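Scroll down for the structure; my scribbles are underneath it.
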Amino acid sequence: MEKELLRLEHIRKSFDDRVIIEDLDLTIHENEFVTLLGPSGCGKTTILRMIGGFATPDRGRILFDGADITDLPPEKRQVNTVFQKYSLFSHMDVAENIAFGLRLKKKSRSYIRDKIQYALKLVGLEGYEHARVQELSGGQQQRIAIARAVVNEPKVLLFDEPLSALDLKMRQNMQRELVKIKRELGITFVFVTHDQEEALSMSDTVVVMNQGWIQQIGTPESVYNEPENAFVADFIGDSNIIPGTMVHDRLVHLLGKDIPCINEGFGENVPVDVQIRPEDITICAPEDGQYRGQITQVVFKGTVYDITIEAGGFSWLVQTITGHEKGAEVGIQLAPSNIVIMAKPESEDEEAAGDAEE
């Protein structure tokens, strides 16, 4: 793990007496691609704005490389932001847009010229120096916004949902480009999105948020495969989340049956939430399954089929690469290693806070 670069300590932020973030702690390391992921209104953009200096916390402090920057203005921070709408100047050509910040810093003409060439090469737009901004596609404008931020040599680049206005194919292309640019620059990226696929495909670390609280921090693999609560399980990808009872270690009571699992340490006869991913369910002959039911819906989605099965009093979502006939009687098989047990929150406040206080 690289050394610590950014640390947010006990951050609280409210707007007009409405608390957005109550008590947040977050550490970001050098050369890390961190994505703040969560639904609209969860506080992720507020965090980004406080890191960038565009908002000040009501309480707590922000440390950058060990120094307190809580009250430092944006221009004094080694941080640049790429906004959702790019904020390019339409009356300037590409080179003038990229050079804008450097001219404010009174850099020499030769320095600015070299930096423009370097930045355009980095984002794959050599030869576009004199192009007008309005002549560029959305993806090209986004690259110019990145180039303008990069020439200022920040230690951290902040991204506020910069791909949301692009179509699907362009968005996927830009996801790959951002990872490539990040690797070449060797600096820290902090990225805000509500798109789970975007977060999982690009990040080293995903910070899942809800109602101003951090629900889980981990690698894309860990937040997908080992969610710590029902919110994370439901928000990251598709899930079947079912109330159950942990009978004892490695055995859960689920929809009227005792089902083997691999989880331990929850106690005996404890209410839990049980998560099973749709792709981890096997459709079999009715007599071979742990549950027996009927297919009520089949939806083809291009690479997989979404199949709904009514079984055990629950509507199961199953994803397979092969189709099945609507109305067919089938069985459902669950492998112990594909069952994830999650502790139930004891109150609504605990549900919102998740594991933030641990």
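The values are calculated or read from the model by the stated rules, or taken from the named source; none is laboratory data. For clarity, every value in this text was computed on a predicted model and none was experimentally measured. As a convention, Cβ positions derive from the backbone with ideal geometry for all residues, glycine included, and neighbour counts pool all protein chains shown. Please note that ligands, DNA and RNA were not included when accessible areas were found on the heavy atoms of the full protein model with its side chains. Shrake-Rupley method; radii C 1.70, N 1.55, O 1.52, S 1.80 Å.
About the centre of its Cα atoms, region 273-346 shows a dipole size close to 140 debye [charges on the beta carbon of Lys, Arg (+1) and Asp, Glu (-1) only; nearest 20 debye].
With N the number of residues in region 7-94, Rg(Cα) / (2.2 N^0.38 Å) evaluates to 1.19. Only the Cβ atoms of Lys and Arg (+1) and of Asp and Glu (-1) were treated as charged; on that basis the dipole of region 175-239 about its Cα centre amounts to roughly 320 debye.
A Förster radius of 35 Å combined with the Cβ-Cβ distance from ARG7 to THR303 puts the calculated FRET efficiency at roughly 0.30.
Once you have all Cα-Cα distances for the chain, histogram them in 20 Å bins from zero and send the whole-percent values. Distribution as computed: 26, 47, 24, 3 percent. Carbon-plus-sulfur accessible fraction, region 1-95 (probe radius 1.4 Å, protein heavy atoms only): 45%. For helix 94-104, what angle does its Cα long axis make with the longest principal axis of the chain, in degrees from 0 to 90 and rounded to 10? Between the helix axis and the principal axis of the chain, the angle is about 70 degrees. With semi-axes defined as the square roots of five times the eigenvalues of the C-alpha gyration tensor, the equivalent ellipsoid of region 18-147 measures 32, 18, 13 Å, largest first. A simple spin-label model places pseudo-atoms 7 Å from Cα toward Cβ; at TYR118 and SER137 they are separated by 2.8 nm.
The Cβ shell under 14 Å around LYS115 holds other residues with a net charge of +3, Lys and Arg each +1, Asp and Glu each -1.
Summing Lys, Arg as +1 and Asp, Glu as -1, what charge do residues with Cβ under 15 Å from the Cβ of ALA95 carry, ALA95 excluded? Its environment carries a net charge of +3. At an R0 of 35 angstrom, the distance between the Cβ atoms of ASP258 and ALA328 translates into a FRET efficiency of 0.85.
The helix-based estimate of mean residue ellipticity at 222 nm for the chain, built from -39,500 (n - 2.57) per DSSP H run of four or more residues and divided by its residue count, is -7500 deg cm²/dmol to the nearest 500.
Compactness ratio for region 6-48: Cα radius of gyration over 2.2 N^0.38 Å (N = residue count) comes to 1.24. Taken per residue, the accessible surface of the chain reaches 49 Å², heavy atoms only and a 1.4 Å probe. Between ASP234 and GLU96, how high is the FRET efficiency from 1/(1 + (r/R0)^6) when r is the Cβ-Cβ distance and R₀ = 56 Å? Nearest 0.05. Efficiency, rounded to the nearest 0.05: 0.75. Working from label points 7 Å from Cα in the Cα-to-Cβ sense, the ALA335 to LEU251 distance is 2.3 nm. In a fully extended conformation the segment linking ASN225 and PHE89 would gain 44.6 nm over its present Cα-Cα distance, using 0.36 nm per residue. Simple spin-label estimate for SER110 and PHE314 gives 7.0 nm between the two label positions (7 Å along the Cα-to-Cβ direction from each Cα).
For region 205-356, the Cβ-based charge dipole about the Cα centre amounts to some 480 debye (Lys, Arg positive; Asp, Glu negative; other atoms uncharged).
When a 1.4 Å probe is rolled over the protein heavy atoms, the share of accessible surface on region 207-281 that falls to carbon and sulfur comes to 48 percent.
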